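Okay, handing you the structure first.
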Amino acid sequence: MGEAWIAEKSPFIIASGILGLLMLIFLYLPIINTVIASPDRMISALMRPETRDAIFMSFYAALLATLITFAFGIPLAYILARFSFPGKSIIDASIDLPILIPHDAAGIALLLLFGPKAPLGRLLSGMGISFIDTLFGVVLAMTFVSAPFMIRSAEDAFKAVNPQMENVARSLGASRFRAFMHVTFPLAFRGILTGCLLTWARAISEFGAVIILANIPKTAPVYLYEVFINEGLTAAIPVTSLLIIMAVLIFMAVKAIATRPLKPVY
Amino acid sequence: MEVKVENLSKRWENFSLCDVNLRIKDGEYFIILGPTGAGKTLLLELIAGFHKPDSGRILIDGVDVTDLPPERRGIGYVPQDYMLFPHMTVYENVEFGLRMRAMPKNERERIVTEILEFMGLTHLRDRLPMTLSGGEMQKTAIARALVLRPKLLLLDEPLSALDANTQRLMRDELKRLHEELKVTVIHVTHNQVEAYVLADRLAVMRNGRIIQVGNPEEVFRRPKDTFIARFVGFENLFNARIIESRNGIAEFDLGGVRIEAVTDRTGECIVGIRPDDIIVSRQPLRSSMRNTLKGRISDFIDMGSLISLIVNVKSVTFVALITKRSFLEMGLKRGLDVYLSFKASAVHII
């Protein structure tokens, strides 16, 4: 049983425990060390409008990226989870590609397609949508690198709902859409919410792709990088701490929502 | 509601349903019986409308519904493992179909209350499925399917997930439902007892094909081939040769053991005797039974209230089924000589 693992006195279990502990220390120590390094200066950093604007921009643009991914990624995840079609295995295997490629490379790839010299970029620019140094650019970069988290989480969540549930709902008079809305979506909701959370968190932390497309408006990682380059490590610490604390708070809040019992969605 | 399945075929993953033809009469309790992988569930799901057949038609009350989606077929469906919506209470599960019909709330309340009472589920109305027993889940799934008053109810292995006691109770419950609601039922199972007890008629399936249709008496007493015979409980199946045939009674040789059967057949054949048609005694019986064989108990299998006796008669092994009480009263044990008696009419010739 879990609670008695140390009592087992198995060398394998003890070694696993020690190695695991080292891993945890490695993960937590830099974060804790940063947060406790400058608690007093965090307030003064927060008082600077540039800091507040950058944090707000990160959260706001990440929220937009999450909503866009939700609107397009959830249908894709459902199709991947439920249906077979030619090329499905290729799509399924390549969904994670944006996570795997270096993010500055992702930024360059986006620039090649949506930049002012590219046909698509020119077309959209003519419609008033430019991606260079605009909020559109920030959201585009964030969406590209974080969408796979939502798609993968939602796909797994949909797969975990037995398709027979939808069949039963349909035998009871529900159309495919209503069966999805009343049965599949509520049952997959937790997985989808986790996907939203991961997408949002990943988008907030994106630096490489964002800076290639849009140096302004400044997101928190870009602002932090500039503070670090222009003012040095000491000036960067309070901003770093603020970002960490805010991320942890929001993460905990969404997790709390995600673990609540579900009621039917009507 | 009458259901007609005409030349229905469907390829599904590595499996094929081949040219299935069936006619289920209005108000009939029809069972589709077959081993796992026979295609029973696929056939049921085609009737429900969850898949499109590759060829063939499905007619309900004479109307071709082959291209209709399930939500427009008006069929009640209870899948294997019930598939209750886990995020809804018993009440909300049963109410679901009425909600989909956009029925007013007070009307829904009245109908759901009525059906919960009919199914004996009133005390469970606010419970979530995960807190229910197998029998309660099954009743809820049936109540949910019946709430729209379908004329046709499809049941996919409805009793397979229940313990033996609850299975017996739910068999009676299904019988009561069918009698009281006069609904046509198509029930898929691999369980012979279920089929024998519940079916007005049944179809036996194997490898995607229907291989025999008839009432339980016909299928269980006169199976068409050795596969069906074995599946419906003919544990004694022997290759035999007819030695003599006179006045409709034939004498067979089963490799040194001679038995008599009612048949006009000649030549080589297979004979089958159900283990429950064999009477076991310590002394030869004076009775009208034309077959009495002396053998030795080589083994027995304790099945709870029943004992399966394995008896060697010369080189031929018979299986006989007796109650545990008879087994104990006769003091039977391995190595003991016993007499096996059965009627000539209990011998089925394939």
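Residue A:171 - would you say it is closer than 30 Å to residue B:70 by Cα, surrounded by 21 or more Cβ atoms within 10 Å (Cβ to Cβ) and of a type outside the set (D, E, K, R)? Working first, answer last.
Numbers: closer than 30 Å to residue B:70 by Cα: yes; surrounded by 21 or more Cβ atoms within 10 Å (Cβ to Cβ): yes; of a type outside the set (D, E, K, R): yes.
Taking the combined requirement at face value, the residue satisfies it.
Check whether at least one residue in the range A:113-130 is touching a residue at least 40 places away in the same chain (Cβ under 8 Å), away from chain B (no Cβ under 14 Å) and surrounded by 16 or more Cβ atoms within 10 Å (Cβ to Cβ), and report yes or no. Spell out the reasoning first.
So in the range A:113-130, the residues touching a residue at least 40 places away in the same chain (Cβ under 8 Å) come out as A:114.
Retained after the next criterion (residues that are away from chain B (no Cβ under 14 Å)): A:114.
So of that shortlist, the ones also surrounded by 16 or more Cβ atoms within 10 Å (Cβ to Cβ) come out as A:114.
Among the residues of the range A:113-130, at least one is touching a residue at least 40 places away in the same chain (Cβ under 8 Å), away from chain B (no Cβ under 14 Å) and surrounded by 16 or more Cβ atoms within 10 Å (Cβ to Cβ), which makes the answer yes.
Shifting gears a bit: Determine whether residue B:292 is touching a Pro at 6+ places or on another chain (Cβ under 6 Å) and of a type outside the set (D, E, K, R). Walk me through how you get there before you give the answer.
Numbers: touching a Pro at 6+ places or on another chain (Cβ under 6 Å): yes; of a type outside the set (D, E, K, R): yes.
Yes, satisfied.
A further question on this structure: Only one of B:298, B:245, B:281, B:308 is out of contact with any strand residue (DSSP E or B) (no Cβ under 6 Å at 6 or more places or on another chain) and of a type in the set (Ser, Thr, Tyr); which? Full working, then the answer.
Numbers: B:298 fails: out of contact with any strand residue (DSSP E or B) (no Cβ under 6 Å at 6 or more places or on another chain); B:281 fails: out of contact with any strand residue (DSSP E or B) (no Cβ under 6 Å at 6 or more places or on another chain); B:308 fails: out of contact with any strand residue (DSSP E or B) (no Cβ under 6 Å at 6 or more places or on another chain).
B:245 is the lone residue from the list that is out of contact with any strand residue (DSSP E or B) (no Cβ under 6 Å at 6 or more places or on another chain) and of a type in the set (Ser, Thr, Tyr).
Being within 11 Å of chain B (Cβ to nearest Cβ) and assigned to a helix (DSSP H, G or I) is true for just one of A:184, A:194, A:143. Which residue is that? Talk me through it step by step, then tell me what you get.
Values: A:194 fails: within 11 Å of chain B (Cβ to nearest Cβ); A:143 fails: within 11 Å of chain B (Cβ to nearest Cβ).
On inspection, the qualifying residue turns out to be A:184.
Oh, and also: Among the candidates B:154, B:146, B:121, which residue alone is buried (at least 17 other Cβ atoms within 10 Å of the Cβ), closer than 28 Å to residue B:200 by Cβ and away from chain A (no Cβ under 12 Å)? Step through it out loud before you land on a result.
Values: B:154 fails: away from chain A (no Cβ under 12 Å); B:146 fails: away from chain A (no Cβ under 12 Å).
Within the list B:154, B:146, B:121, the selection yields B:121.
Condition first: without any contact (Cβ under 8 Å) to a residue 24 or more places away in the chain and either out of contact with any His (no Cβ under 7 Å at 6 or more places or on another chain) or not aliphatic (A, V, I, L, M) (or both). Can you find one or more residues in the range B:334-346 that meet it?
Narrowing the range B:334-346 to residues without any contact (Cβ under 8 Å) to a residue 24 or more places away in the chain: none.
Checked against the condition, which is being without any contact (Cβ under 8 Å) to a residue 24 or more places away in the chain and either out of contact with any His (no Cβ under 7 Å at 6 or more places or on another chain) or not aliphatic (A, V, I, L, M) (or both), the range B:334-346 yields no hits at all.
Could you tell me whether the range B:82-93 includes any residue that is assigned to a strand (DSSP E or B), of a type in the set (A, V, I, L, M), touching a residue at least 40 places away in the same chain (Cβ under 8 Å) and within 30 Å of residue B:120 (Cα to Cα)?
So the first thing to find is which residues in the range B:82-93 are assigned to a strand (DSSP E or B), and the list is none.
No, that holds for no residue.
Something else now. Please work out if residue A:128 is at positive phi and modelled with pLDDT under 95.
Values: at positive phi: yes; modelled with pLDDT under 95: yes.
Against the criterion (at positive phi and modelled with pLDDT under 95), residue A:128 qualifies.
Does at least one position in the range A:146-158 carry a residue that is closer than 22 Å to residue A:84 by Cβ and within 14 Å of another protein chain (Cβ to nearest Cβ)?
yes
Ok, one more. Please go through the range B:14-47 and pick out each residue that is hydroxyl-bearing (Ser, Thr, Tyr) and away from chain A (no Cβ under 14 Å). Explain how you work it out, then say what you get.
Just the residues of the range B:14-47 that are hydroxyl-bearing (Ser, Thr, Tyr), to begin with: B:16, B:29, B:36, B:41.
Within the range B:14-47, B:16, B:29, B:36 meet the criteria.
Determine whether the range A:79-95 contains at least one residue that is without any contact (Cβ under 8 Å) to a residue 24 or more places away in the chain, on the phi < 0 side of the Ramachandran plot, aliphatic (A, V, I, L, M) and outside any helix (DSSP H, G or I).
no
Residue under question is residue B:50, and the condition is that it be surrounded by fewer than 22 Cβ atoms within 10 Å (Cβ to Cβ), closer than 26 Å to residue B:194 by Cβ, among the aromatic types (Phe, Trp, Tyr) and within 9 Å of chain A (Cβ to nearest Cβ); does it hold? Full working, then the answer.
Numbers: surrounded by fewer than 22 Cβ atoms within 10 Å (Cβ to Cβ): yes; closer than 26 Å to residue B:194 by Cβ: yes; among the aromatic types (Phe, Trp, Tyr): yes; within 9 Å of chain A (Cβ to nearest Cβ): yes.
Considered against the rule, which asks whether it is surrounded by fewer than 22 Cβ atoms within 10 Å (Cβ to Cβ), closer than 26 Å to residue B:194 by Cβ, among the aromatic types (Phe, Trp, Tyr) and within 9 Å of chain A (Cβ to nearest Cβ), residue B:50 comes out as yes.
Still on this structure: Looking at A:206, A:231, can you tell me which residue is more than 14 Å from every other protein chain (Cβ to nearest Cβ) and free of Cβ contacts under 8 Å to residues at least 12 places away in the same chain?
Working: A:206 fails: free of Cβ contacts under 8 Å to residues at least 12 places away in the same chain.
Checking each option against the conditions leaves just A:231.
A quick yes/no check of all residues on (1) over 26 Å from residue A:195 (Cα atoms); (2) not hydrophobic (A, V, I, L, M, F, W, C); (3) not in a loop (DSSP other than H, G, I, E, B):
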{"position": "A:105", "(1), (2), (3)": "no, no, yes"}
{"position": "A:124", "(1), (2), (3)": "yes, no, yes"}
{"position": "A:128", "(1), (2), (3)": "yes, yes, no"}
{"position": "A:131", "(1), (2), (3)": "no, no, no"}
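The values are calculated or read from the model by the stated rules, or taken from the named source; none is laboratory data. Only a predicted model underlies this, so the values are computations on that prediction, with no experimental measurement involved. Counting neighbours? That spans all protein chains shown, and the Cβs are built from the backbone with ideal geometry, glycine included.
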